[in-house]
Structures are given as C-alpha cells and as structure tokens.
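Structure record follows, encoded as structure tokens.
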Amino acid sequence: MFVIQVIPLIKDTKINNLSYFSSTNYEIGTFVEVPIRKKTYRAIVVESKPVSEHKSSLKTAHFTLHKLPEQKNISVIPSCLRETAKTLTEVYPTTTGGVLYQILSPDVRNGDYQYPNISSLTHKEETTPQILTDTIKNRYMSYRSHIRSILARRGSVMFVVPNSVDLDYAEKNLMTGIEDRIVKFSPNQTKRERIKAYEAFEDTTIAKVILTTPTHAYLDRVDLLSIIIERSGSTLYKVRTRPYLDHRTALIIHAKTTGRNILLGDILPRTEDEFFRRNEIYYTYNEETKRIAFPTPLTIIEQQDKPTTETPFSLFSNELKKRVNSTLEGRGRVFMYGARRGISPVVICIDCGFIFRCPDSHTPYSLLKTHNKAGEEERWFVSSTSGRRVRASDICDQCGSWRLRQRGIGIQQVYDECLATFPNQPVLLFDNTTADTRKKAEKIITDFYEKRNVILVGTQMAIPYLTKNGTDLSTIISLDATRSNPTWRADEDVFRLLLELREISNKEVVVQTRSKPDDLLNYATTGNLDNFYSDEIMLREQLGYPPFFTFILLSYAGNKNAVEEVESQIKNLAKSYEGNYYSNPFSQNDKILRYALFRLPANSKKLRDFIDIIRLLPPYIKIEIDPSRIV
Ligand SMILES: [Zn+2]
C-alpha cells in the first residue's frame, strides 16, 4: 500500500494537499481523478510513499484516509513544470496546484488532452532574460535570425504573443522557409485543428517553432531551447483571475528552471525590464536602442478654443479637421484613437474653458454624486488616477463663473462627433462593444481596408489589427482622456501608444492636447526612449514603485461593519507590516470598496515572509501582486 499526496486542480481552491491510500504506486506529476466531497476532480500526484515509511501516527490514523480509485489513462507532467509552479508560490500567495491550474493549458487541465510522456531535461542555455527594444519590423528580423540559430542547433523555440491577432502576424512573418516546423496553438482553432497542432507538437523528429498565446506556452518538449515573449509590454500577459499571475514572471522562472534562454521584445519593454537591463541583471539583445527614428512625424496640436453657447469645447480642432479632410481627399485612411468607453466626462467652465484637474496627477477630475446620512446630495471631484477625492467646486477657479458643465471625451463622443463632422465619409467604430469577438473585429478591419477615404475610430484594441497594413493618418483626439488612465503605468502606456501609432502610420500622427506639451510628448516626438526611461525610472524610485518595491494590494468590499471586520483581521495577521488602508474614491456609503496596500522591497526576505502570511487570508479578500491599478 502507498500513501499518495495530490494537489487538486481546482480553481480558487484553498485545498492544498490531500492524501489517499492506493494499492498502485503513481509517479510524481501523474494526473489522477480523486473523490472530494462526493465529486470527482482532477489532481496531480506530488508525493508517493509506501505506508511502511510513514510515521506510526499515520498508521493508526489510516482509516481516515480515502482510497484512491484505480486510475486509467495515466499521463504525467514533467517535473520541471512542477518545479516552476513551486517556485512561483514564493512570488504569489497561492498553492502549487493553484499555479499549475493557470499554467497548464485548458485541454490538459480538463483531460481533453493527455500530456505527452517526455523526460524532463535541463538545458544549459544562458537563462538571463534578454531585452530586445525595437520596431516590430526590426524585432521580427531579429526573431528570424535568433530562431534560425536555435533550429541550426536542433533546438525548438516557444514563441509567445499576447493575443490571437499577433499570432497571425507572427505566423506570416516567421514561417517563410520553415513552414514544416511551425506549430500553432490559437484560441480560434477548431477541435480538429487543435488535435493536429498537438500531433505536430509531439513529433520530435525535427525541431519546431511553436507559436502560441500564453495558454500553451508551458507545453514541454525535450529539445526546447528558447522562449520568446513578443510585445512583452502588453498588459494581456497579466491574468485576470486568481492568483493574478503574470506570464512574463512565470516564463522567466520557467526558463531558469529548465535552462532555456528567454528573449523579451517590444517597441517599449516595461520600465522594470529596462531598469534590469541597465543594471545588467538582464542582458541587451543586439545593440542598445536609445532612440528610434520614425519616418512618420508626430505633430502636437494645442487646443485653446473658447467655449461657445452650444458646446463647452470642441473635440476636433480646425487644424485636425483640415488634416483629416486632406487625407480623405487623397483617398487615404484615418485612424482616430479614442480613450476607452466609460471614461468619465471632464468638468469645464463654460465661460473661460477652464478644466478642473487633480493637482497630483494633472489629469481631469470627474464628478461623483453621493448621498449623506441625511439623504442630501454631495458632490465630489474624483481623480481615478491618483485616487484624490475632494468636495466639488461650485465656481470656476479661474474666473469665478458659476456656469460649470460636464463634457464627455470618451470613444463614444469621438465617434458621434466624427459622424457629425464628416457626414459623407464612412466611419467605423472599433471597441469592446462592436468588436467583442474576433469575427466581428475582422469584419470591421476588412471593411476599413476594402474602402478608401474611410475613418476608423478605435481603442487600444484596434492597434494589433492595424500592424500589418497600417493607416495613413493617426490621431489622438484627446491626450487628456488618454492619459487619465487609472494606473501608475499610465505614462509608460501612453508613451508606448505614441510609438506604436508612429510605427503604423504612413503619413503623420496628430495628437490633440489641452495641457502644455511636457517631456513625455517631446520624447515621443523625437523617439527618445532613453530619456523617457531615465525620467520614469527616477520617478518610480522616488515614489517607491516597481521595480524598486513590490505592491501587494488586498481588496475587499461591503458595508462599514463588514470592511472594518476584514480590516482588523488583516491588521492582526500582518502585525509587523505597515499598510495603507483607503477606500476606492468612487465608493458609495452602503458598499465600500476598501484597499490595503503594502509595499515591500522587491526580492526581499521580508516580501517572501509577507507572501507566506497573506496566503492564510480568506478567499473573499482579493490579493494582487504588482497590479497596475492601486486606486
Ligand atoms: Zn471660468
């Protein structure tokens, strides 16, 4: 008889290890089906010992252990994957099973696909991450030569992209001459295509280039020597479900565990990665890129129009309209970038045009109404960027006028204004409501490229779709709206967006702003990445942000009593750690969203100890490591 310990593959579980009796011995890493509270779950064996080796206490208690049913169709995950998952539990407050649940592909998790039996082999490649900073065309040139050199050594490459659009781009730009080596795992595959992909993956007679989104990035092959993370700055690498794993962190650890090299490429890799590169914790792939020269100019239009009786301010300046018209007359295509849907309107004085802004973040305030205990309405100015919430002014700071109005600046307003301003041109809208499936998205993009003199109004989502064929003119209608993104990464995100727009535009990028152009805009105009990074790194050091400190954000919601109770629980558990406790600025009195933010020196023992402590918190407290939003 054996005592088998397993980790159940259950999402969000607090159950760590379970023990069963078994007459059969199962190898560590074997998938098994186990009974838990009258249901059957998939689990992975983490330990197996003959009963005789167990302590006498267990022998006497053995009648409490369930018997593991005889297993059919045995498959085993490679030990390196378990090792990676175990290491990740030092970074994320979860269990090995919790990590495995997120890094195993859904097909493997639910048993549709049996993990191929492969022996785990540790390679001897240089595992220090290498950073490639360049335009997409140059990056793919580098990828092709990198892949060729790995293939020449009979090694396979795992090429990871954030979404399925980039997957198609990668296939087109990497496959020439190596068609027989390409294996693609796409979320849009049919079941048949998926089976074929697995077959090609398992064929180890020749080295392969595996193109995938993060879902299949942890599949293993004996000859896998290299991992490439393309568009490494993309927020899509961060998983939105517990334990909020970051695939970049996970793949870097996985590369180290397996002795593979790993390459991260983007036009603007994350500031953290650049910081590590500058300090030689990471390496530079190819030459260092301090500046990128774009053939397409970036033009800034400072809008200073005065309010009229009809409208507090116009979204399109005359200069912008002129440029759009001339592009359309030349049978060109226009892309208008609009900030995400749901961005709050700004508050503006209709007499002098003054926009109310948060003094900390310089982004426009939005107006929030709440009711106090007496049922009276209270009005607040709220900055979703800094979290600042102050009583709303009744009069203009600038001219003393009482005539304050709200003005929407989100993508819907841009689209509506576009229809009104260019009534005779086709205008397409691309955002999470019109392009919520890949099929609908493709349809809009096909329309855009089938037509000439056409306008596409779109959010960030549209950009990967425009990478292949580009556009003539790109415009950011409101830089203010674009910058009021509730994340401490806002500057990095905006800077990357500006570079990407320059990359996909053939003629010009036009940016409209209502604040004085600052360094960030100047750096984007000159393509000066080096200065941008220097400023950003300095700022993050001053503010105690990543990569200098690690954020651990706990969130919980409820009425006053409920959140107070949770808070005392946290304070009790994390006694020796100092946290900031604050409410989401948009919280209403009856349902308060509270945060407890801890920041600890990155990679410190203190941080690891803290992770161990908060592992014990109940599941209704959301725990995120380095989330992009902290207010
Ligand atoms: Zn005023």
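The values are calculated or read from the model by the stated rules, or taken from the named source; none is laboratory data. Fair warning: this is a prediction, and the values are worked out from it, not measured in the lab. Cβ placement follows ideal geometry from the backbone for every residue including glycine, while neighbour counts extend to all protein chains displayed. To get the accessible areas, we keep the full protein, side chains included, count just its heavy atoms, and leave off ligands, DNA and RNA. Shrake-Rupley method; radii C 1.70, N 1.55, O 1.52, S 1.80 Å.
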What does DSSP give for the range 130-284 in terms of the percent of beta bridges that are antiparallel, rounded to the nearest 5? 5 percent
Karplus-derived HN-Hα couplings along the range 620-631 (A = 6.51, B = -1.76, C = 1.60, θ = phi - 60°), whole Hz, x at Gly and Pro: 6, 9, 7, 10, 10, 9, 6, x, 6, 10, 10, 10
For the range 549-625, taking Cα atoms only, what is the radius of gyration to one decimal and the Dmax to the nearest whole Å? 12.5, 39
Considering only protein heavy atoms, what is the solvent-accessible area of residue 291 at a probe of 1.4 Å, reported in Å² to the nearest 10? 140 Å²
Looking at the range 247-310, which chymotrypsin sites (Phe, Trp or Tyr not before Pro) are in a loop (DSSP not H, G, I, E or B) and have at most 10 other Cβ atoms within 10 Å? none
Approximate spin-label separation residue 283-residue 67, in nm, with each point projected 7 Å along Cα-to-Cβ: 5.6 nm
Give me the extension gain from residue 79 to residue 397: residue separation times 0.36 nm, minus the current Cα-Cα distance, reported in nm with one decimal. 108.1 nm
Quick one: dipole size for the chain, taken about the Cα centre, charges +1 on Lys/Arg Cβ and -1 on Asp/Glu Cβ, in debye to the nearest 20. 1360 debye
Using Cα-Cα distances under 8 Å and only pairs 6 or more residues apart, what relative contact order does the range 549-625 have, in percent? 48 percent
Here FRET efficiency (C-beta to C-beta, residue 531 to residue 360, R₀ 25 Å, nearest 0.05) is 0.60
Please report the antiparallel percentage of the DSSP beta bridges confined to the chain, to the nearest 5. 50 percent
Got the relative contact order for the range 410-559 handy, in percent, Cα pairs under 8 Å and 6 or more residues apart? 18 percent
Please give the solvent-accessible surface of residue 380 in Å², to the nearest 10, using a probe radius of 1.4 Å with every protein chain present. 40 Å²
For the chain, what's the radius of gyration and Dmax over Cα atoms, in angstrom? 27.1, 88
Let me cross-check residue 548: its accessible surface, 1.4 Å probe, with only protein heavy atoms counted, in Å² to the nearest 10? 40 Å²
Over the chain, what relative contact order in percent results from Cα pairs under 8 Å that are six or more residues apart? 13 percent
Just subtract the alpha-carbon distance of residue 47 and residue 256 from 0.36 nm times their residue separation and send over the number in nm, one decimal. 72.9 nm
Over the chain: helical MRE at 222 nm, DSSP H runs n ≥ 4 each giving -39500 (n - 2.57), nearest 500: -9000 deg cm²/dmol
First measure r as the distance between the Cβ atoms of residue 615 and residue 123, then evaluate 1/(1 + (r/R0)^6) with R0 = 30 Å and state the FRET efficiency to the nearest 0.05. 0.40
Rank 223, 416, 431, 609 by accessible area, highest first, at a 1.4 Å probe radius? 416, 609, 223, 431
Return, in residue-number order, each cysteine of the chain whose C-beta is not under 4.7 Å from any other cysteine's C-beta. 80, 358, 418
Can you pull the one-decimal nm distance between simple spin-label points at residue 515 and residue 542, each 7 Å off the Cα toward Cβ? 1.4 nm
Using DSSP to call loops (not H, G, I, E or B), can you name the trypsin sites (Lys or Arg not before Pro) in the range 386-434 whose Cβ has at most 15 other Cβ atoms within 10 angstrom? 403
Which value, in debye to the nearest 20, describes the size of the charge dipole of the range 356-407 about its Cα centre when Lys and Arg Cβ atoms bear +1, Asp and Glu Cβ atoms bear -1, and nothing else is charged? 140 debye
Are there GluC sites (Glu not before Pro) in the range 303-369 that DSSP puts in a loop and that have at most 10 other Cβ atoms within 10 Å, and which ones? 310
Stretchable slack from residue 603 to residue 144, in nm (0.36 nm times residue separation minus alpha-carbon distance): 161.8 nm
How far apart, in nanometres, would the label points at residue 173 and residue 110 be if each is projected 7 angstrom from Cα along the Cα-to-Cβ direction? 3.3 nm
Go ahead and run the numbers for FRET between residue 487 and residue 23, Cβ-Cβ distance against an R0 of 51 Å, rounding to 0.05. 0.40
Non-local residues with an amide H under 5 Å from the amide H of residue 457, with H modelled 1.01 Å from N and Pro and chain starts lacking one, are 336, 428, 429, 430
Taking H placed 1.01 Å from N in the peptide plane, check which residues at least 5 places from residue 262 or on another chain put their amide H under 5 Å from its amide H. 130, 227
